[in-house]
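Working notes, structure below.
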Amino acid sequence: MSSQSLLSRFAESHFWMARYVERAENLARILDVNETFARDRTGVQDWLPIVQLHADDEAFFKKHDEANAKTVVHFYIVDRNNPNSIIESIRAARENARSLRHLVSIELWTQLNVFYRWLEGLKQRDYDLRNLSKLCGEITQKCQLHTGIVEGTMFRDQALGFYLIGKQLERADQLTRLVDIKYHRLLPKPSDIGSPVDVSQWNAMLRSVAAYQAFRRTHPSGMTPALVAGFLLFNPGFSRSLKSCVREIRKLVNELIDNPALEGTTFCPQSLDKLERQVAVAVNDAIDRGVHEYLDDIQVALIALGKEMAEAYFDQESSQAQAQGQN
């Protein structure tokens, strides 16, 4: 095996390790918020949007007749046959870390290994509704601990660049899915605008991506669909916004292109050029065009960028296998 193929394999493992941990953290936040804040206009919690968010309708309803708290929580936390579940995401992150044992710190490997073993040991009572918020909080903290260990221990070379691109790409993917699913479902009836239910729904959407406090820094009062969507998609000061993710990806991609260690690799990400043009529009233009149509184009570009990364730097067959559970 050549040194180039080794670099390809290790770059890919860093990229996907980051994506899987980011995916698990986002899912834990969404489950927590849905249990705590998200209720429909009749006051009943609605769990189906979580299934739709991850495009898992077919797989989910093969196993369950109804999308309720018990079935959805089990499917997305501990179901080993669901590649989008938290336990499977952390297992996949751990397997990628295993292939990097000689490149990552002992602390990083140990934390992911302990995290996965902890998830394996969960009992049904641990993810009952009365304990769900506590459990999701612990999962989120363990994902953030992983991020902190990466920041504090990973060597500053191209491997970290691949990791951070994977993280930002997954973050943008999850955010756009959330806004796409939630935006039209939450559009209120004229009589509901400004009502407690209306406000609580938009609060829930912001909290599901840890954006509530940041949003209030920009908008101390008032909450409308356009304000929330505009903040999540286009506000450059919010680190999880689509615009911030695309900006960071561009910075990291430029660093890879200029890296002498990767000389000879041609990477011209046309999809990234398209993403930059798409996030340069005004929120009202996106709304006038149609939020779903706008975000569908973003999703297509994000998928294309992942494929371009695989073509330039990774083993394409392996990347395709890892991406199977993504969509």
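The values are calculated or read from the model by the stated rules, or taken from the named source; none is laboratory data. On a predicted model such as this, the values are computed, not experimentally measured, just so you know. A quick note on method: Cβ atoms are made from the backbone with ideal geometry, for glycine too, and the neighbour counts reach across all protein chains shown.
Go through Q111, Q45 for me and flag whichever is more than 21 Å from V179 (Cα to Cα), touching a helix residue (DSSP H, G or I) at 6+ places or on another chain (Cβ under 8 Å), surrounded by 14 or more Cβ atoms within 10 Å (Cβ to Cβ) and touching a residue at least 12 places away in the same chain (Cβ under 8 Å).
Within the list Q111, Q45, the selection yields Q111.
Could you please find all residues in segment 153-172 being small (G, A, S) and either under 23 Å from R29 (Cβ atoms) or outside any helix (DSSP H, G or I) (or both)?
G166, A172
Listed here are the residues, each with its yes/no results for (1) aliphatic (A, V, I, L, M); (2) buried (at least 17 other Cβ atoms within 10 Å of the Cβ); (3) part of a helix (DSSP H, G or I).
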| residue | (1), (2), (3) |
| --- | --- |
| M223 | yes, yes, no |
| V228 | yes, yes, yes |
| V246 | yes, yes, yes |
| G264 | no, no, no |
| D288 | no, no, yes |
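Could we say that L178 is outside any helix (DSSP H, G or I) and surrounded by 13 or more Cβ atoms within 10 Å (Cβ to Cβ) here?
no
Looking at segment 315-327, which of its residues are surrounded by 15 or more Cβ atoms within 10 Å (Cβ to Cβ) and either aliphatic (A, V, I, L, M) or modelled with pLDDT of 90 or more (or both)?
The one that is surrounded by 15 or more Cβ atoms within 10 Å (Cβ to Cβ) and either aliphatic (A, V, I, L, M) or modelled with pLDDT of 90 or more (or both): A323.
Enumerate the pairs (first residue in segment 114-139 and farther than 15 Å from H74 by Cα and assigned to a helix (DSSP H, G or I); second residue anywhere and at pLDDT 95 or above and of a type in the set (V, I, T)) with beta-carbon separation below 6 Å, excluding pairs fewer than 6 apart on the same chain, so at least 6 apart or on different chains.
F115/I90; Y116/I90
Name every residue in segment 198-221 that is surrounded by fewer than 15 Cβ atoms within 10 Å (Cβ to Cβ) and among the β-branched types (V, I, T), in order of residue number.
T218
Mind listing whichever residues of segment 136-180 are charged (D, E, K, R) and either within 17 Å of the chain's Cα centre (by Cα) or closer than 17 Å to A92 by Cα (or both)?
Result: K142, K167, E170, R171, D173, R177, D180.
Can you tell me which residue among A69, A93, A55 is surrounded by 13 or more Cβ atoms within 10 Å (Cβ to Cβ), on the phi > 0 side of the Ramachandran plot and touching a residue at least 24 places away in the same chain (Cβ under 8 Å)?
Every option except A55 fails the conditions.
Taking V246, is it among the hydrophobic types (A, V, I, L, M, F, W, C), touching a residue at least 40 places away in the same chain (Cβ under 8 Å), within 23 Å of A301 (Cβ to Cβ) and touching a Lys or Arg at 6+ places or on another chain (Cβ under 7 Å)?
no
Is there a residue being within 20 Å of E88 (Cβ to Cβ), among the hydrophobic types (A, V, I, L, M, F, W, C) and in contact with a Leu (Cβ under 7 Å, 6 or more places away or on another chain) anywhere in segment 106-127?
For segment 106-127, residues within 20 Å of E88 (Cβ to Cβ), among the hydrophobic types (A, V, I, L, M, F, W, C) and in contact with a Leu (Cβ under 7 Å, 6 or more places away or on another chain): absent.
Can you report the number of residues in segment 136-164 which are closer than 20 Å to Y116 by Cα and surrounded by 20 or more Cβ atoms within 10 Å (Cβ to Cβ)?
7
Can you name the number of the only condition in (1) of a type in the set (V, I, T); (2) surrounded by 18 or more Cβ atoms within 10 Å (Cβ to Cβ); (3) under 30 Å from N203 (Cα atoms) that V253 fails?
Of (1) of a type in the set (V, I, T); (2) surrounded by 18 or more Cβ atoms within 10 Å (Cβ to Cβ); (3) under 30 Å from N203 (Cα atoms), only one is false for V253: (3).
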